[in-house]
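Colleague: My questions will all concern the structure given below.
The values are calculated or read from the model by the stated rules, or taken from the named source; none is laboratory data. Everything quoted here is computed from the prediction, not taken from an experiment. FYI the Cβ positions are ideal-geometry reconstructions off the backbone, even for glycines, and counts take in every protein chain you see.
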Amino acid sequence: MTAPVSKDQHLSLVLQQLAPDPQRRNCLWIVDENLPVESVMTLPGAASITAITNRYDIHAALQARGVDSRLSDFDFSQLGEFQRIVYRLSKEKLVAHHCINQAIRHLSEDGELVVIGGKQDGVKSIAKNAAQTYGQKNNTRKTGSSYLATFTRPVTMDEDQRLPCNDYGQLRQVQHKGVSFHSKPGVFGWEKVDRGSELLISVLPTIQRYMKSVNSVLDLGCGWGYLMLATKDWSVQTRCATDNNIAAIDAAARNFAEHGLTVDCIADDCASNLRGRFDLILCNPPFHQGFAVSDALTDKFLAAASRLSRRSTRAIFVVNQFVPLPKHADKYFSQCRLLLAEDGFCVYELRP
Ligand SMILES: C[S@@+](CC[C@H](N)C(=O)[O-])C[C@H]1O[C@@H](n2cnc3c(N)ncnc32)[C@H](O)[C@@H]1O
């Protein structure tokens, strides 16, 4: 009996069929965390593709394999035309709409855009809307557990003929729970203050009181910068905020500048290029890798926090209550103390 094919394996099989071929050498792949990098790397002819990604870790992995990878918040303006563009749909609809709008405009005359996704990713309705917007026949078809839709370059296209993407590239002012900040689609929880992060910052006055002096702070996985902003009135010498997502780094930099805070904003994979140690590390680690829940991410963030700690460091983590942080933290920290449990979140203090 043959083993069942997992969703990711199936996606890889579909992607294999889209590998660059001699007729369509000029290929662009739009890659975010929903497309396992390995499935791109193992493609025959992968080195001949161009890739665009908003994630630092993916960019680094693709570059290491010789792929011409462009790291940006899906800014296509520097890209030319392609005979084939492959896009595994993003989780957030506005990101998906933006990428499809851009991709259609970067097709050569004989080019095709191939959009792939699972049923629960909303691929069927997005493909239907895209076909309608660009005056094409909806040819979505099911292959295994994935859906595939192809689009060609429309003969004519109005400037305003687009899937709604809420002016994707622009940072904008957002108000939530009395907090005013800049953010944009594509950033984690871009229109809100995360409840877990809100609970994390509620313990900071106590932490500040007993730590006495805090000279350096790291916001690990900073998003639009909410956690670091909570320290804006502290007298701190060194501040650093890092995230894997380019859109997050842009938004955080704007928010820090607005508050007159000097912060090193660094696009990086879990601070892997950071050296030095921090007195205080603030973190609300992700537990999703795209559409999938990932335990490995919790470990990765704990390992990074441990590497950037000295004996006196305090790392404050907030996680969903079902994430067994103490179990994971055991490998990296000598103490893990629960500070607060509320609304389905737990805030922990970790000591090396
Ligand atoms: C739960 S969000 C928290 C965001 C922000 N700190 C807040 O409180 O609103 C987790 C953040 O981790 C980032 N992230 C995911 N994987 C990462 C990685 N490998 N390295 C750095 N940041 C990552 C995400 O982009 C996201 O901004």
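Colleague: Cβ-Cβ under 9 Å, sequence separation 6+ or interchain: first residue in the range 180-204 and without any contact (Cβ under 8 Å) to a residue 40 or more places away in the chain, partner part of a loop (DSSP other than H, G, I, E, B) and near the ligand (Cβ under 9 Å from one of its atoms). Which pairs?
Modeller: Matching pairs, first to second residue: Gly189/Gly223; Gly189/Trp224.
Colleague: Would a scan of the range 160-168 turn up a residue that is basic (Lys, Arg) and free of Cβ contacts under 8 Å to residues at least 60 places away in the same chain? Walk me through how you get there before you give the answer.
Modeller: If we filter the range 160-168 for residues that are basic (Lys, Arg), which is where we start, we get 162.
If we keep only those that are free of Cβ contacts under 8 Å to residues at least 60 places away in the same chain as well, we get none.
No, the range 160-168 contains no residue that is basic (Lys, Arg) and free of Cβ contacts under 8 Å to residues at least 60 places away in the same chain.
Colleague: Regarding the range 119-132, can at least one residue be identified that is under 27 Å from Ser145 (Cα atoms), modelled with pLDDT under 90 and buried (at least 20 other Cβ atoms within 10 Å of the Cβ)?
Modeller: yes
Colleague: Let me ask something else about it. I need the full set of residues from the range 69-113 which are surrounded by fewer than 20 Cβ atoms within 10 Å (Cβ to Cβ) and in a strand (DSSP E or B), in order please.
Modeller: Those that are surrounded by fewer than 20 Cβ atoms within 10 Å (Cβ to Cβ) and in a strand (DSSP E or B): Arg70, Leu71, Gln83, Ser108, Glu109, Asp110, Glu112.
Colleague: Cβ-Cβ under 8 Å, sequence separation 6+ or interchain: first residue in the range 235-261 and within 20 Å of Val214 (Cβ to Cβ), partner β-branched (Val, Ile, Thr) and away from the ligand (no atom under 16 Å from the Cβ). Which pairs?
Modeller: As it stands, the answer is Val236/Val214; Arg239/Thr262; Phe256/Thr262, since those pairs meet every condition given.
Colleague: Run down Lys212, Lys232 and say which single residue is more than 21 Å from Arg351 (Cα to Cα) and over 16 Å from the mean Cα position of the chain (by Cα). Show your work before the answer.
Modeller: On the way: Lys212 fails: more than 21 Å from Arg351 (Cα to Cα).
Going through Lys212, Lys232 in turn, just one is more than 21 Å from Arg351 (Cα to Cα) and over 16 Å from the mean Cα position of the chain (by Cα): Lys232.
Colleague: For a quick check of your reading of the model, give me the residue pairs whose first member lies in the range 215-232 and is within 11 Å of the ligand (Cβ to nearest atom), whose second is at pLDDT 95 or above and charged (D, E, K, R), with beta-carbon atoms closer than 6 Å and at least 6 apart or on different chains.
Modeller: Gly221/Asp243; Cys222/Asp243; Leu227/Asp219; Met228/Asp219
Colleague: Output the number of the condition that Gln136 fails; it satisfies all remaining conditions of (1) assigned to a helix (DSSP H, G or I); (2) more than 16 Å from the ligand (Cβ to nearest atom); (3) over 19 Å from Leu28 (Cα atoms).
Modeller: (1)
Colleague: Further question: Looking at this structure, is Leu43 in contact with a Pro (Cβ under 8 Å, 6 or more places away or on another chain) and farther than 29 Å from Thr242 by Cβ?
Modeller: On the way: in contact with a Pro (Cβ under 8 Å, 6 or more places away or on another chain): yes; farther than 29 Å from Thr242 by Cβ: yes.
So Leu43 passes the test.
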